[in-house]
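Step one of this worksheet: look at the structure below.
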Amino acid sequence: MYRINRFQQIMKALPRSAFDRIVEVRQADKHSKGFGCWDQMLAMIYAQLTGAGSLRVLEAGFNSQHTQHYHLGTSAIRRSTLAEANGKRNTEVFAETAKLLMSQAQRKLRSETEELLYLLDSTSISLKGPGFDAWTSGSRTRNTQGIKLHMLYDANEEIPVQHSFTAPNVNDIDEGRKLAIEPDATYVFDKGYCDYNWWHKINEQKARFVTRFKYNASLEVECTRAIPEKDAVLVLKDEIVRFANKHPRGGRKNHYKESLRRIIVARPGHDKPLVLATNDLASPASSIAQLYKDRWGIELFFKWIKQHLKIKSFLGRTENAVRIQILTALITYLLLAIYRKVQNYSGSLWILLAEVRATLFQNPTDAAERYQRRRRAKIEFASRQGGLFA
């Protein structure tokens, strides 16, 4: 009896019917000529899972498993066809697939008792050289030439929940303003999202935020709160404040008239402390400080996908090909996260990826059964020897 391999088990989190609906709406397979979006998706996910460094390596590795293609719903690939598809095919199919998996992963992984904690940040991906310069040099900044990936990250479940792409010269706050704010959620972000009117919008939506004041923020202190003795080493000051200026920049009106909280937190090894801003007036100051410390989670996520998936070296140099490769990296991460949950896997995601790379077209159950059979046979053989050589 045929048993599905590990690659098929991972792909079960992405229903083919749901993917086909996305393709049909976008009419993305209209001129596919036998190499459709599903074939392209499988090939690119295979590249992410195996770490294929070139189209030639991808083609050779994928086609060597021709006996498995039928069960995956695909066939052998040609690198020239894949390169053309990556360069021209609609990226929205992959973007919507990523969104589908993000919502699915959040439903499967979220605990009903956990409060929503979202981390907001971006990372720049450097793209320089022939092919890249044609579309990245015009939007480069002093530090970066390439593309910027903006991410909303669920800190409790360690999964991305929203994403977008911009040029590196686009300010983070421009993307932040587009977010649909969820009531009762907490949003944590850095000083790149400093916009008092956007903070006011979050507050109006009955959500909380934790961020940092800029050094020149004009504030009036309403009162100073007592700091518990156990927190005195970490929390230096806890104050209720208001903005002093109604027109802080060039006549632009500041709509944030409610009270805020300013918490000054010590940073071991640094001369200057952190000056945190939040609209949460009830939680302990130490808890607010911990929330801002938890912002490091999204930095670790960016580091993880850059180190373990393929978004630093690219199989194509057009903007279309780059976006598709980054999107399939996000899709692969989400598929692994869901697979880890379904299999009740206790190891880290990196160890799971290492195991998957070594056994991608094997069935884990078959391998375990073969090992147990060999072990039982060895024990039985040893027991039959008795005292032959005693």
* Asked: Taking the alpha-carbon centroid of each part, what is the distance from segment 209-246 to segment 256-281 in angstrom?
  -> 5 Å
* **Rh by Kirkwood over Cα pairs, then Stokes-Einstein D for the chain at 1.002 mPa s and 20 °C, µm²/s** => 89 µm²/s
* **Placed amide H near residue 207: partners under 5 Å, 5+ positions off or other chain** => 184
* To do: Would you please give the FRET efficiency between residue 171 and residue 70, computed as 1/(1 + (r/R0)^6) with r the Cβ-Cβ distance and R0 = 35 Å, to the nearest 0.05?
  => 0.10
* Could you tell me the distance between the Cα centroids of segment 307-341 and segment 27-61, to the nearest Å? => 12 Å
* In sequence order, what are the phi-derived ³J(HN,Hα) couplings for segment 76-84 according to the Karplus relation 6.51 cos²θ - 1.76 cosθ + 1.60 with θ = phi - 60°, rounded to whole Hz, with x for glycine and proline? -> 4, 10, 10, 5, 5, 5, 5, 4, 5
* What residues have an amide H closer than 5 Å to that of residue 212, excluding those fewer than 5 places away on the same chain, when H is modeled at 1.01 Å from N in the peptide plane? -> 191, 277
* Asked: Can you give the accessible area of residue 243 in Å² (nearest 10), computed on protein heavy atoms with a 1.4 Å probe?
  -> 30 Å²
* **Compactness relative to 2.2 N^0.38 Å, alpha carbon Rg of segment 185-297** => 1.04
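Determine the relative contact order of segment 144-254: mean sequence separation of Cα pairs under 8 Å and six or more apart, normalised by residue count, in whole percent.
Averaging sequence separation for qualifying contacts and normalising by length gives 16 percent for segment 144-254.
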* Carbon plus sulfur fraction of accessible area for the chain, probe 1.4 Å, in percent -> 49 percent
* Choose one answer from 330, 116, 300: the residue with the largest mean-square fluctuation in a GNM of the chain with alpha-carbon springs under 10 Å. => 300
* Would you please give the residues with an amide H less than 5 Å from that of residue 161, counting only those at least 5 places away or on a separate chain, with H modeled from the backbone geometry? => 152, 153, 154
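Percent relative contact order of segment 1-151, based on C-alpha pairs within less than 8 angstrom and at least six residues apart?
Relative contact order comes out at 18 percent.
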* Structure fact -> In nm, the gap between the two label points placed 7 Å beyond Cα toward Cβ at residue 32 and residue 18 is 1.8 nm
* Structure fact -> Kirkwood radius from Cα pairs of segment 272-319 plugged into Stokes-Einstein at 37 °C, 0.692 mPa s, gives D in µm²/s equal to 236 µm²/s
* Taking only protein heavy atoms and a 1.4 Å probe, what accessible area per residue, in Å², does the chain have with all protein chains in place? -> 53 Å²
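Can you give the extra length, in nm with one decimal, that the chain gains between residue 320 and residue 283 once fully stretched, where that is 0.36 nm per residue apart less the Cα-Cα distance?
Details: separation 37, 0.36 × 37 = 13.32 nm, distance 4.53 nm.
Length difference between fully extended and current span is 8.8 nm.
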* To do: Please turn the phi angles of segment 130-140 into ³J(HN,Hα) values with the Karplus equation 6.51 cos²θ - 1.76 cosθ + 1.60 (θ = phi - 60°), one per residue in order, whole Hz, x for glycine and proline.
  => x, x, 6, 4, 4, 10, 10, 5, x, 10, 6
* Structure fact -> Phi-derived 3J(HN,Hα) across segment 351-364 with the Karplus relation (6.51, -1.76, 1.60, θ = phi - 60°), rounded Hz, x for Gly and Pro, is 5, 4, 4, 4, 5, 4, 4, 7, 9, 4, 9, 9, 9, x
* Semi-axes of segment 29-147's equivalent ellipsoid from the Cα gyration tensor, sqrt of 5 times each eigenvalue, largest first, rounded to whole Å? -> 28, 26, 14
* Asked: List the trypsin sites (Lys or Arg not before Pro) in segment 203-248 that DSSP assigns to loop (not H, G, I, E or B) and whose Cβ has at most 15 other Cβ atoms within 10 Å. Which are they?
  -> 206, 214, 225, 246
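For the chain, what is the relative contact order in percent, using Cα pairs closer than 8 Å and at least 6 residues apart in sequence? Walk me through the numbers on the way to the answer.
Details: 552 pairs, mean separation 77.1, N = 390.
Relative contact order here is 20 percent.
The values are calculated or read from the model by the stated rules, or taken from the named source; none is laboratory data. In this text, all values refer to a predicted model and were calculated from it rather than measured experimentally. Backbone-built Cβ (ideal geometry, glycine too); neighbour counts: all protein chains shown. Quick note on the areas: whole protein, heavy atoms, side chains included, nothing else; ligands and nucleic acids left out. Shrake-Rupley method; radii C 1.70, N 1.55, O 1.52, S 1.80 Å.
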